[in-house]
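Each remark here refers to the structure printed beneath this line.
The values are calculated or read from the model by the stated rules, or taken from the named source; none is laboratory data. Here the structure is a predicted model, which means the values were calculated and not measured. As a convention, Cβ positions derive from the backbone with ideal geometry for all residues, glycine included, and neighbour counts pool all protein chains shown. With ligands, DNA and RNA removed, areas are computed over all heavy atoms of the protein, side chains included. Shrake-Rupley method; radii C 1.70, N 1.55, O 1.52, S 1.80 Å.
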Amino acid sequence: MAYTRVIPNYDLYGDQASPEWSDSFNFEWIPQRSQPYNWVIQPHRHDTFLQLLYLNSGQVDFLLDDTHWQAQAPCLMVVPCGHVHGFRFSHDVNGPVVTASQKTLESVAAVAMPELLPTIRKPRLISWQDEMRYVDQLVPLFQTLEQESRAHAPGHVAVSTSLLLALMVQVHRIVGVLEASGSAPHQPISRQARQIEKFRSLVDRHYRQQKSLQAYANQLGMTPGQLSRLCREALDMSGLDVINARVLHEAQRELVYTHMPIKQLAAELGYGDDAYFSRFFRKHTGLSPSAFRAQALAQLHRQHQSTAGSD
């Protein structure tokens, strides 16, 4: 791919750009637009629209401003408005593309999650290997966005913007994981970081089943000792601590934001004996589940009164 003298400005590649005030949200699959152009999308830009492309198969040569990147699936490309970009796809490529108003998305993010704005505004190529947290949430969100794009129902802009915001939150989380591992988002993460992320992804998926450290280690092809040593080096905590921390996080969240009885919560978290769950919870927090709930709810009530009094 090479720059042309004048960089075209499109809403969607090959389509005339519409005025800035015109609302637009589009979902399509990569082959729909790239195949008619022999899998090559020449350099162009969008003045008002953000694009997200998720490759679930194939390869891409990605031009972003003055830099070329090469990547293979799975990978995600974020192209904010104003950035020159082009693609050369392999013929077996597939994956969704979302094009949406960046200004609308930023307006919602500024209220709901201001720290998301840099993620929305920064172009990037994100690739990963093996399992990594938050990646599994991408496909369901893209699928729901596709359904919404076909619906033509009342509230279309509100729903699509909310779904896109949720998608960008997942991108933000994935970038955070990569940065915490010491890897740039466009670079493969280290073998150690990949193993840690695969372990944490497995824990996120199975923590309610009370799986042992041995079971997780078996899935990762290592011994429990090796897994714990890896966790201590990377996270300064043992493998068992990682599992317990995930269970505790969910238990605390359920205690504060639901009225679920302690016995039912214990069962939901894989404990056949609620007394054993209570001992586990007290050991790690210094409070019984019921005492923690009462303390947390009282704190939330005080915060609510303080906020209401300042209005």
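With all protein chains present and a 1.4 Å probe, how do Tyr134, Tyr276 order by accessible area, largest first?
Numbers: Tyr134 60, Tyr276 125 Å².
Result, largest first: Tyr276, Tyr134.
Could you check how much of the accessible area of the chain is carbon and sulfur, as a whole percent, using a 1.4 Å probe? Walk me through the numbers before you get to the answer.
Values: 7980 of 15940 Å².
With neighbouring chains kept in place, the figure for the chain is 50 percent.
Expressed as an acute angle from 0 to 90° and rounded to the nearest 10, what is the orientation of the C-alpha long axis of helix 224-235 relative to the principal long axis of the chain?
The two axes meet at around 70 degrees.
If you average 1/r over every pair of different alpha-carbon atoms in the stretch 225-308 and take one over that average, what Kirkwood value in Å do you get?
14.2 Å
Once every Cα of the chain carries one equal point scatterer and solvent is ignored, give the base-10 log of I(q)/I(0) from the Debye formula at q = 0.10, 0.13, 0.14, 0.15 Å⁻¹, two decimals.
-0.72, -1.05, -1.14, -1.21
So what's the projected area for the stretch 25-181, the Cα convex hull averaged over all directions, in nm²?
Working: hull surface 36.2 nm².
Convex hull of Cα atoms, orientation-averaged projection: 9.0 nm².
Add +1 for every Lys or Arg and -1 for every Asp or Glu among the other residues with Cβ under 13 Å from the Cβ of Ala217, and state the total. Write down the numbers at each step before the final one.
Numbers: positive: Lys198, Lys211, Arg229; negative: none.
That sum, taken over residues with Cβ under 13 Å, equals +3.
Rounded if a/c is under 1.5, else prolate if a/b beats b/c, else oblate: with a ≥ b ≥ c from the C-alpha gyration tensor eigenvalues square-rooted, which is the stretch 36-106?
Values: a/c = 1.89, a/b = 1.49, b/c = 1.27.
Prolate.
Gln210 to Val139: FRET efficiency via 1/(1 + (r/R0)^6), r the Cβ-Cβ distance, R0 25 Å, to the nearest 0.05? Don't jump to the answer; show the numbers that get you there.
Working: r = 28 Å, r/R0 = 1.10.
The pair Gln210/Val139 has a calculated efficiency of 0.35.
If you take the Cα atoms of the stretch 53-142, find Rg, then find the Kirkwood Rh from the mean of 1/r over all pairs, what is Rg/Rh?
Rounded to two decimals, Rg/Rh equals 0.97.
Could I have the simple spin-label model distance between His152 and Gln299, label points 7 Å from Cα toward Cβ, reported in nm to one decimal?
5.1 nm
Can you give the helix-only mean residue ellipticity at 222 nm for the chain, where every DSSP H stretch with n ≥ 4 adds -39500 (n - 2.57) and the sum goes over all residues, rounded to the nearest 500 deg cm²/dmol?
Details: 12 runs with 156 residues, N = 311.
Helix contribution divided over all residues of the chain: -16000 deg cm²/dmol.
Measure nothing fancy, just the Cα-based angle from helix 274-285's long axis to the longest principal axis of the chain, in degrees from 0 to 90, nearest 10.
So the helix axis and the longest Cα principal axis differ by about 70 degrees.
Taking 0.36 nm per residue of sequence separation and subtracting the Cα-Cα distance, how much length would be gained by fully extending the chain between Leu287 and Met113, in nm to one decimal?
Details: separation 174, 0.36 × 174 = 62.64 nm, distance 3.17 nm.
Taking Leu287 through Met113 to full extension adds about 59.5 nm, to one decimal.
Compare Met237, Met260, Met77 in a GNM of the chain, Cα atoms joined below 10 Å, and give the one with the largest fluctuation.
Met260
Using DSSP, restrict attention to beta bridges with both residues in the chain and report what percent are antiparallel, rounded to the nearest 5. Display every interim value, and only then the final one.
Values: 35 of 36 bridges.
So the antiparallel bridges in the chain amount to around 95 percent.
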